[in-house]
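For reference, the structure discussed in these notes is given below.
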């Protein structure tokens, strides 16, 4: 259980770190979290935690009941959980959105969610499961 909790807590770090680096080099002065890398890191982590609990956890329960396990399932659930709210948000936007904003948000959150799912799967596995999941290499 501790490994799963640790995996849940560190799963958003790759996406949050990437976005914080983007904000460090291309800040948007006067736009709150878009001008402070550490604030962006926290906001992205909070977003991933919230959608992980509200969307990812129910999807994970459904996947487990159906017997679906493995890295691909975790990655797909992460992708769906993080991309769904972004699609809803982009659809609800008033006024035109630039193709850049739409493409960046969809790519960032879908890839970030997939990676977060993989991190959660890898960290959440027991050492015995991880040892069995790696291919055997003859000496």
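If you plug the beta carbon distance of residue 104 and residue 42 into 1/(1 + (r/R0)^6) with R0 = 22 Å, you get a FRET efficiency near 0.65.
With a simple spin-label model that places each label point 7 Å from the Cα along the Cα-to-Cβ direction, the separation between residue 9 and residue 64 comes to 2.0 nm. Counting only DSSP H runs of at least 4 residues, each contributing -39500 (n - 2.57), and dividing by the residue count of the chain, the helix-based mean residue ellipticity at 222 nm comes to -23500 deg cm²/dmol.
Distance distribution P(r), the stretch 5-66, all Cα-Cα pairs, bin width 5 angstrom from 0: 4, 19, 21, 18, 13, 11, 7, 4, 2, 0 percent.
Principal-axis analysis of the Cα atoms of the chain puts helix 71-92 at an angle of about 20° to the longest axis. Express the Stokes-Einstein translational diffusion coefficient of the chain in µm² s⁻¹, to the nearest whole number, given a Kirkwood radius over alpha-carbon pairs, 10 °C and a viscosity of 1.306 mPa s. D = 98 µm²/s.
Laboratory data are not the source of any read-out in this text; all were calculated from the coordinates shown. Since this is a predicted model, take the numbers as computed values, not measurements. Neighbour counts run over all protein chains shown; Cβ positions are idealised from the backbone, glycine included.
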